[in-house]
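The next block holds one structure in the form of C-alpha cells; read it before the comments.
The values are calculated or read from the model by the stated rules, or taken from the named source; none is laboratory data. Computed from a predicted model, the values in this text were never measured in an experiment. Virtual Cβ from ideal backbone geometry, glycine too; neighbours counted across all protein chains shown. Just the protein is used for accessible areas: all its heavy atoms, side chains included, with ligands, DNA and RNA removed. Shrake-Rupley method; radii C 1.70, N 1.55, O 1.52, S 1.80 Å.
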Amino acid sequence: MRTKLPIGIEKFEEIRTEGFYYVDKTGLIRELLDNWGKVNLFTRPRRFGKSLNMSMLRCFFEYGCDSTLFDGLEIARQREYCQKYMGKFPVILITLKGVDARNYEEAAGMLRSIIGTAALRFQFLADSPRLSNEDKSLYRQLIKIDDSGKQGFSMPPEVLADSLRMLSELLRKHYGQNVILLIDEYDVPLDKAQQAGYYAEMVTLIRSLFGQALKTNDSLYFAVLTGCLRIAKESIFTGLNNMNVFSTTSTQMGEYFGFTDDEVTEMLRYYGLEDNFETVKKWYDGYRFGTAQVYCPWDVINYCRDARFQPEAFPRAYWINTSGNDIIREFIRMATPGTRREIEALVAGETVTHRIRQELTYRELYDNIDNLWSVLFTTGYLAQRGAEDADVYRLAIPNLEIRQIFVEQIQEWFREESRKDTPRLDAFCSAFLRGDADAVETQLNTYLRKTISIRDTAARKTKKENFYHGMLLGLLSHREDWIVTSNTESGDGYSDILVEAEDQGIGIVIEVKYAEEGKLDAACTEALEQISSLDYEDRLRQDGMDTVVRFGIACYKKRCIVRAERS
C-alpha cells in the first residue's frame with residue numbers, strides 16, 4: 001500500500017508517524033550548522049514548504065526528540081551532527097501566519113495568544129527549582145488568561161514586547177542551555193496591518209519583539225525566520241548585524257524549499273505517474289532559488305492526488321486557489337503602456353530585465369510600478385532566468401500555471417476597463433446589428449491597441465485565435481438582452497460566436513481567424529467562406545431570426561480587419 005500524500009500537512013512528526021509521503025529536506029539541518037549565523041532568514045513564496053521545514057527543525061533539535069522520526073533520512077547518516085545536536089536544545093516555535101486582524105488591538109491580542117500558547121508548552125517552568133520566585137512570576141505573566149471576560153491571554157504591552165526574550169531566558173535558566181528560536185511567516189502581521197491601516201503600530205511592536213528576542217537576547221543559541229519578503233532592516237531589524245539572509249537569489253540552500261527534478265521524478269514513479277512528468281514540469285517547474293531549479297511542492301502534491309485517480313487528469317492551477325492574487329491585479333491596473341508591452345512579452349514566454357529591490361517595507365509595495373516588479377519576483381509570480389548585473393535579473397513567468405493566473409487577471413482587467421465606457425460599448429454592439437463592418441473594425445482596433453495581448457507566439461493558430469475570440473465574447477456580453485453563445489453546433493460545424501437579438505429578429509454570425517504572416521485580407525475572406533460553406537447561420541434561422549449578419553474578422557497581433565455580409 002502506497003503512503004498517503006501530505007496535502008496541507010505541515011507537522012513533521014505527523015508526516016513521519018501517520019504514513020505520509022515525505023521528500024527528505026533534512027539536509028537543511030547540516031547546512032544551517034555549517035553555514036553558521038546567529039539569525040537566519042529564509043524568504044520564499046507561499047506554499048514552498050517553509051512551515052514543514054520549521055517543524056522539522058524543532059523535532060530535530062528539541063529536548064525529548066524522537067530520533068526514530070529521522071530514520072532513513074539524510075541527517076541520520078550524519079552521525080556526528082546527530083550526536084552533538086539532536087535533542088540537545090530548548091526550542092521555541094511560533095507561526096505568525098494567523099495574525100490577520102481588522103485593527104491593531106485585535107492583532108496584538110492574536111500575538112499574545114500565539115506566544116502565550118507557545119509558553120504553555122513549558123508549564124514545568126512554574127515549578128522549576130532552577131527558577132527564582134521572580135522568574136516564576138514572569139512566567140505566569142506570559143501564560144495568564146484574561147479574567148475580564150475576554151478570551152485570550154492578558155500579558156500587558158511591555159511584557160508582550162519582551163515575551164520571546166523573556167521565555168528564552170527562563171528556558172535557559174531551567175535547562176542550562178541556550179535556546180533555538182523559530183519564527184515562521186514572520187512578515188504576515190505586517191502585510192495584514194498594511195492592508196487594514198495600522199501598519200505603524202504593528203511595525204513598532206514587531207520591531208521591539210524581534211529586537212529584544214534576536215539582538216539583545218543572551219539566551220539565544222540561534223534563530224531561524226521564514227517569510228515571503230525580506231523587510232528592510234530599518235523597518236524591523238534595526239541594528240541587527242548578525243543575520244544571514246537566504247533569499248531566492250542566494251546561492252546557498254536553494255534546494256531545501258521546493259522539489260527538485262529528481263525528487264519529482266521519484267514521487268511520480270512511486271505513484272505510478274512517471275508518464276506525466278513532462279506535464280508536471282511544464283505546469284509547476286520553472287523556479288530558480290540560487291542555483292537550484294525547483295517545482296512548487298503544493299502543486300506537485302495536489303496534481304499527484306488527482307492523477308492517481310484519473311491518470312489523464314488535466315493539470316490545474318492549485319496555487320492560485322491559496323491566494324486572491326491581488327498583487328497581479330494591482331500590477332496590471334498600475335501598468336504603463338510600456339509595462340503592458342512587457343507583460344505581453346512575459347505571457348508570450350519571453351523575458352524582461354529589471355532591477356530587483358529585495359529589501360522593501362510593506363508600506364512601499366504599491367508606491368510605484370518598479371517596486372511591484374520586485375514583489376512579483378519575491379512572491380513567486382516571476383522567476384529569474386539569469387543576472388545582468390548586481391540585483392538586475394532577466395525575469396520570466398515560471399510555468400503554465402502562473403501564465404494562466406496572468407491571463408485570467410488580464411481578461412478581468414480588460415472587462416473592467418471596457419465596461420467603464422458604456423456609450424462606446426453600446427456603439428460597438430449596435431454596429432454589429434447594423435452590419436457596419438467599418439465601425440466594428442475601427443472600434444475593435446481601438447480595443448486591441450489598449451488591451452494587453454495574451455497571444456502565444458509559440459502556440460497553434462487555433463490557440464492564438466482564442467485570445468481574440470474571448471475578447472469579443474467579453475465585449476458582446478455587455479448586451480444582457482442578447483443571447484450570445486460560443487462554439488455552438490450550427491449547420492455542418494461549430495461556429496465561433498452566434499448572437500441572437502430576439503427583440504429585433506436579428507442574428508449575428510462571427511468567425512474569427514488569426515492571420516498568419518499578417519495576411520489579413522486572405523484570412524477575412526476565409527472566415528466568410530467558412531460561414532457560408534458550413535451554413536453556420538442555420539441555427540439562427542431555426543431560432544426564428546429574420547435577418548442574419550455574417551462577420552469575418554481577421555486579426556494579427558494588435559490589428560484586425562472586418563468584413564460583413566447581410567442576408
### Query
Near Leu214, within a Cβ-to-Cβ distance under 10 Å, what is the net charge of the other residues, with Lys and Arg +1 and Asp and Glu -1?
+3
### Message
I'd like the antiparallel share, as a percent to the nearest 5, of DSSP beta bridges with both residues in the chain.
### Response
50
### Neighbourhood net charge (11 Å Cβ-Cβ; Lys/Arg +1, Asp/Glu -1) for Ile561
+1
### Message
Can you give me the % of accessible surface on segment 283-349 that is carbon or sulfur? Probe 1.4 Å, all protein chains present, nothing else counted.
### Response
50
### Summary
Between Leu225 and residues 5 or more places away or on another chain, the pairs with built amide H atoms under 5 Å apart involve Asn40, Leu41, Phe42, Ile183
### Task
Would you mind calculating the relative contact order of the chain from Cα pairs under 8 angstrom and at least 6 residues apart, reporting the percent as a whole number?
11
### Query
What is the helix-to-structure angle for 461-476, meaning the angle in degrees between its Cα long axis and the longest Cα principal axis of the chain, kept from 0 to 90 and rounded to the nearest 10?
90
### Message
As a test of reading the structure, rank Asp436, Asp218 by solvent-accessible area (1.4 Å probe, protein chains only), most first.
### Response
Asp218, Asp436
### With DNA, RNA and ligands ignored, accessible area of Val375 (1.4 Å probe; Å², nearest 10)
0
### Per-residue ³J(HN,Hα) for segment 178-191, Karplus 6.51 cos²θ - 1.76 cosθ + 1.60, θ = phi - 60°, Hz, x for Gly and Pro
5, 9, 9, 10, 10, 10, 8, 6, 4, 9, 4, x, 6, 4
### Message
To test your reading of the geometry: what angle, between 0 and 90 degrees and rounded to tens, separates the Cα axis of helix 400-419 from the longest principal axis of the chain?
### Response
60
### Query
Which residues in segment 539-558 place their backbone N less than 17 Å from a point set 7 Å from the Cα of Thr488 along the Cα-to-Cβ direction?
539-552
### Query
How far apart, in nm, are the 7 Å Cα→Cβ label points at Glu517 and Asp543?
3.8
### Task
Grab the beta carbon distance between Lys38 and Thr3, set R0 = 25 Å, and tell me the FRET efficiency rounded to 0.05.
0.10
### Query
Leaving out ligands, DNA and RNA but keeping every protein chain, what accessible area does Leu120 have, in Å² rounded to the nearest 10, with a 1.4 Å probe?
60
### Task
Show that you can apply the helix-only estimate: for the chain, add -39,500 (n - 2.57) for every DSSP H stretch of four or more residues, divide by all residues, and state [θ] at 222 nm to the nearest 500.
-13000 deg cm²/dmol
## Note on the structure
From most to least accessible, 1.4 Å probe, no ligand or DNA/RNA atoms counted, Leu28, Leu138 line up as Leu138, Leu28
### Task
Sort Lys50, Lys450, Lys281, Lys4 from largest to smallest accessible area, using a 1.4 Å probe on the heavy atoms of the protein chains.
Lys450, Lys4, Lys281, Lys50
### Task
Work out how much length Asn445 to Ala390 would gain on full extension: take 0.36 nm times their residue separation and subtract the Cα-Cα distance, in nm to one decimal.
15.7 nm
### Task
Name the shape class, rounded, prolate or oblate, that the alpha-carbon gyration tensor gives for segment 304-449, where a ≥ b ≥ c are the square roots of its eigenvalues, rounded holds for a/c under 1.5, and otherwise prolate holds if a/b is larger than b/c and oblate otherwise.
oblate
### Query
Label-point separation (nm) for Phe309 and Arg419, each offset 7 Å from Cα along Cα-to-Cβ?
3.4
### Query
Can you give me the relative contact order of segment 139-277 as a percent, contacts being Cα pairs under 8 Å and 6 or more apart?
21
### Summary
In whole Å, largest first, the alpha carbons of segment 37-194 cover along the principal axes 52, 44, 26
### Query
Quick one: with all protein chains in place, what share of the accessible area of segment 79-203 is carbon or sulfur, to the nearest percent (1.4 Å probe)?
46
### Message
Just to confirm, what accessible area per residue do you get for the chain at 1.4 Å probe, in whole Å²?
### Response
44
### Task
Give me the number: length gained by fully extending Glu412 to Arg434, i.e. 0.36 nm times residue separation minus the C-alpha to C-alpha distance, one decimal in nm.
5.1 nm
### Query
Counting only residues 5 or more places away or on other chains, whose amide H sits under 5 Å from the amide H of Leu360 once H atoms are built in the peptide plane?
Arg230, Ala232
### Summary
Under 5 Å from the placed amide H of Leu395, counting only residues 5+ away or on other chains, we find Val352, Thr353, His354, Arg385
### Query
For segment 392-399, in order, what is each residue's ³J(HN,Hα) by Karplus, 6.51 cos²θ - 1.76 cosθ + 1.60 with θ = phi - 60°, in whole Hz (x at glycine and Pro)?
10, 10, 7, 10, 8, 6, x, 6
### Query
How far is helix 163-175 tilted off the main Cα axis of the chain, in degrees rounded to 10, range 0 to 90?
40
